[in-house]
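Working notes, beginning with the structure itself.
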Amino acid sequence: MKILSVDVGDARTGLAVCDRGELLASPVGVIHEFHKERLADRVADQAREQGAEMIVVGHPINMDGTLGPRSALVKEFCSLLSARCGVPVRLWDERGTTVSATRILNETDVRGKKRKAVVDAVAAVIILESYLAYRKNHPDGE
């Protein structure tokens, strides 16, 4: 199944997609949009363009497992997106993805403006890889 993942941010939202065999997650890019309704429109457009059959949205859960204000904003975004795209939209725990993305970019020596431009897409890849690993280990459903 082709799955699009989304790392929602205030100004930048990263996107990644996997192949139909769910083996490889690749960055699609970053959407620069502040307005959540326009962002939902643009993500839905990308989902159609990529042929996504599902969308996984990073859920910003606090490190102690509680849900904060960012969680509510992302849930609201998911409702907007779900109404626009016609495919299932699922929240997925994104704890640690930005830290992991930053570590990867440090290891590959990506710095400055280039780093800012890709960190959200790398975080979306990490979210998708985590979700794909879960699906591989839970083939009977979720």
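The values are calculated or read from the model by the stated rules, or taken from the named source; none is laboratory data. This is a predicted model, so every value here is computed, not measured. Glycine gets a Cβ as well: all are built from the backbone with ideal geometry, and neighbour counts include every protein chain shown. With ligands, DNA and RNA removed, areas are computed over all heavy atoms of the protein, side chains included. Shrake-Rupley method; radii C 1.70, N 1.55, O 1.52, S 1.80 Å.
Rolling a 1.4 angstrom probe over the protein heavy atoms with all chains in place gives region 1-44 an accessible area of 46 Å² per residue.
What's the ranking of 36-43, 71-78 by average number of surrounding C-beta atoms within 10 Å, highest first? Can you show the working numbers first?
Numbers: 36-43: 18.0, 71-78: 15.8.
Sorting 36-43, 71-78 by mean packing, highest first, produces 36-43, 71-78.
For region 24-99, the mean projected area of the C-alpha convex hull, equal to one quarter of the hull surface, is 5.6 nm². In a simple Cβ point-charge model (Lys, Arg +1; Asp, Glu -1; nothing else charged), region 1-60 has a dipole of about 20 debye relative to its Cα centre.
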